[in-house]
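The values are calculated or read from the model by the stated rules, or taken from the named source; none is laboratory data. Remember, it's a predicted structure, so these values are computed and weren't measured experimentally. Here the Cβ positions follow ideal geometry from the backbone for every residue, glycine too, while neighbour counts run over all protein chains shown. To get the accessible areas, we keep the full protein, side chains included, count just its heavy atoms, and leave off ligands, DNA and RNA. Shrake-Rupley method; radii C 1.70, N 1.55, O 1.52, S 1.80 Å.
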Amino acid sequence: MSILTSPFNTPYNSAPFNSIKNEDYKPAIITLIEEARKEISAITSNPDAPTFENTIEALEFSGQQLDRVTSVFFNLNSAETNEDIQKIAQEVSPLLTEFGNDITLNETLFKRVKSVYDVKESLGLNTEQTTLLDKKYKGFSRNGANLNETDKSKLREIDKELATLKLKFGENLLAETNKFQHIITNEAELNGLPEGTKEAAKQLAESKNLEGWLFTLDYPSYIPVMTYSANRELRKTMSLAAGSKSFKGDNLDNQENVLKIANLRQQRANLLGYNTHANFVLEERMAKNPETVKTFLKELLDKAKPAAIKEFEELKAFAKDLDDLDDFQKWDSGYYSEKLKQKLFSLDDEKLKPYFKLENVIDGVFTIANKLFNLEFNEIDVVDKYHEDVLTYEVTNTKGEFIALFYADFFPRAGKRNGAWMTSYKPQFVKDNEEERPHVSIVCNFTKPTKTKPSLLTFNEVTTLFHEFGHALHGMLAETTYPSLSGTSVFWDFVELPSQVLENWCFEKEALELFAKHYETGETIPMELVQKIKESATFHEGMQTLRQISFGLLDMSWHGSDNTVSIKNVKDFESKAFANTNLYPEVKENCMSTAFSHIFQGGYSSGYYSYKWAEVLDADAFEYFKEEGIFSKDVATKFKDNVLSQGGTENPMALYKRFRGQEPKPEALLRRAGLIK
Ligand SMILES: [Zn+2]
């Protein structure tokens, strides 16, 4: 028995960080995998006929201590890691994958699950139980459990080949990115670039024993050039290089890989009984099927396109005015947009930061949570922390009932990865009539306080904090029975609703007045600054929207096709998909698909639309708040009862309609973006 394999005897049953040693993890995980295997065998060897309780629920509640320990471990590997932890992660990850595969491929287990699933109508299950049964069954069937042996081995072949191709796609792309170098030796050609960018380019050149300034396709080098460089030739060179990655017909070309991946995905979907890869993916999304996604993108396109064209014409006219530019090209867009934005808004972070002292923003978000959801946050020091910077809170409702344990970890450190995220150490669930409340955490990388100045956040950091806190509310307010359906365990195109909707409060006077106070004078943020923030947030929204739609359409073209073998030419296929969304003159050297790693390497295939989908949801939901008042208890309660507390217990569209009284409509987003009146 180690500290990790026995129940934690701690306040709130919290993770005992101070008592765990790194060397405890691996043996504990091995022991707990064995225990979980025994729990699975107990299900499969049960002499009783399969029932929802003895099979589906038993499976759901198997391996709970393993889940507990692995979440502590992998949360630390993200927020406070070191070489030891990374090494352990590499050792235990394959063990966990193997354990997961052994469950999915366990035929006896699947037979039991299937026999419950086949009679589901007659079992008198409630909605959440039905969802759980469906999820468990699909966990097997979507991985081929229903196939005969020949087709099973076909599926495994396809999966193997797909894994190799995706890897190759990524390797080619990375090699292309790393291969490109552009050296400049005449300082005059650096006109317009910020000092920091020049300095970095100089250092990069020095590190390779080169004279001058070196530019690459890495974002910190590429983006400033496209945004600030007054040297049009430089912008053109860089843009062409970025746009033609893995599209040069050489050994790093990805055209074959793209065609093969699209084709294998379709074969895989067909084997499992789906018409296209998009049908397969979208079965487990709020959007449900490709038709909904295509209609959705088309509807947005109709509204955004006129605005995009107008913005584009204005931008061209601005470039003509400023530099007498006649043939506006793709590589001119970022540069003139930035110039125009500066002219219109002259908004910089330094002006805003004094109004956003971290402590004030935290108080603000807590006050808003109190006004909306009756939550109270009390800082506590009785639970272990994994780092002294971490703040811990007991969250209660106004009746004093315990709701959640909340960890907040704000500042960068060597052992923390970049970005910001919400995670949990323990989900909410009910087992044997006992409710367990969740332990939720947010992790950020905000500006640290110095000896003379407190932590002052940029506006972007403020919205990030609200965003992650929105995810945290989804976790904290959960009221479900099963842990795998609790909190943020929802369909992918629904998970950003609680986070994005909360960001809206950062733009509202009534909310800002609660916390946006100058850290020295206490003066509330001037409303003309708030107005500028709002306006600049929707600058060139038409063009941005058109761009996002074009990527979504390209994704759906590749994965919504039931005849991928007929696609022979990647560039031609792509041009057709882009036909309705193109603003710029065609560049024959460029191809997007061969570098579209989101959909050909990462997990976004048939999912790129989700970015816009989530925005539609959050704008539509927030409009309801605005109609009734942004602190309306009535709307907030509906949001809590039908969305935040419900996790993934039901199809999100049903949940959303119960909250809103209707399906989400894109008009609110279009209005917020200034695309319609
Ligand atoms: Zn998010």
- [ ] Restrict the check to the range 652-659 and report whether at least one residue is within 15 Å of V501 (Cα to Cα) and surrounded by 15 or more Cβ atoms within 10 Å (Cβ to Cβ).
- [x] yes
Task: Residue satisfying all of: in the range 389-421; of a type in the set (K, R) and surrounded by fewer than 15 Cβ atoms within 10 Å (Cβ to Cβ); farthest from T447 (Cα to Cα) among these - done: K399
- [ ] For E508, state whether it is within 18 Å of N360 (Cα to Cα) and not small (G, A, S).
- [x] yes
TODO: Within the range 253-260, identify whether any single residue is in contact with an Asp or Glu (Cβ under 8 Å, 6 or more places away or on another chain) and open to solvent by less than 70 Å² (accessible area, probe 1.4 Å), and answer yes or no.
DONE: no
- [ ] Would you list the helices (runs of 4 or more DSSP H) that sit entirely within the range 319-432 and hold 2 or more residues that are over 30 Å from T237 (Cα atoms) and away from the ligand (no atom under 16 Å from the Cβ)?
- [x] 349-352, 358-373
TODO: Go over the candidates Y608, Y604 one by one and state the one that is open to solvent by less than 40 Å² (accessible area, probe 1.4 Å) and not small (G, A, S).
DONE: Y608
Task: Residues satisfying the stated conditions in the range 483-530, i.e. among the aromatic types (F, W, Y), open to solvent by less than 50 Å² (accessible area, probe 1.4 Å) and within 16 Å of the ligand (Cβ to nearest atom) - done: F494, W505
Open item on the list: Condition check: buried (at least 19 other Cβ atoms within 10 Å of the Cβ), more than 23 Å from the chain's Cα centre (by Cα) and of a type in the set (D, E, K, R). Does E299 satisfy that?
Closed with: no
- [ ] Could you check the range 35-144 for helices (runs of 4 or more DSSP H) lying wholly inside it with 3 or more residues that are more than 30 Å from H277 (Cβ to Cβ) and open to solvent by less than 40 Å² (accessible area, probe 1.4 Å)?
- [x] 64-79, 83-104
- [ ] Considering (1) in contact (Cβ under 8 Å) with a residue 24 or more places away in the chain; (2) part of a helix (DSSP H, G or I), say which one L193 fails and leave the rest.
- [x] (2)
Task: Answer residue from the range 433-452, given it is in contact (Cβ under 8 Å) with a residue 12 or more places away in the chain and part of a loop (DSSP other than H, G, I, E, B) and is farthest from the ligand (Cβ to nearest atom) among those - done: P449
Task: The one condition in (1) away from the ligand (no atom under 15 Å from the Cβ); (2) out of contact with any Phe, Trp or Tyr (no Cβ under 9 Å at 6 or more places or on another chain); (3) under 18 Å from I533 (Cβ atoms) that N460 fails to fulfil - done: (1)
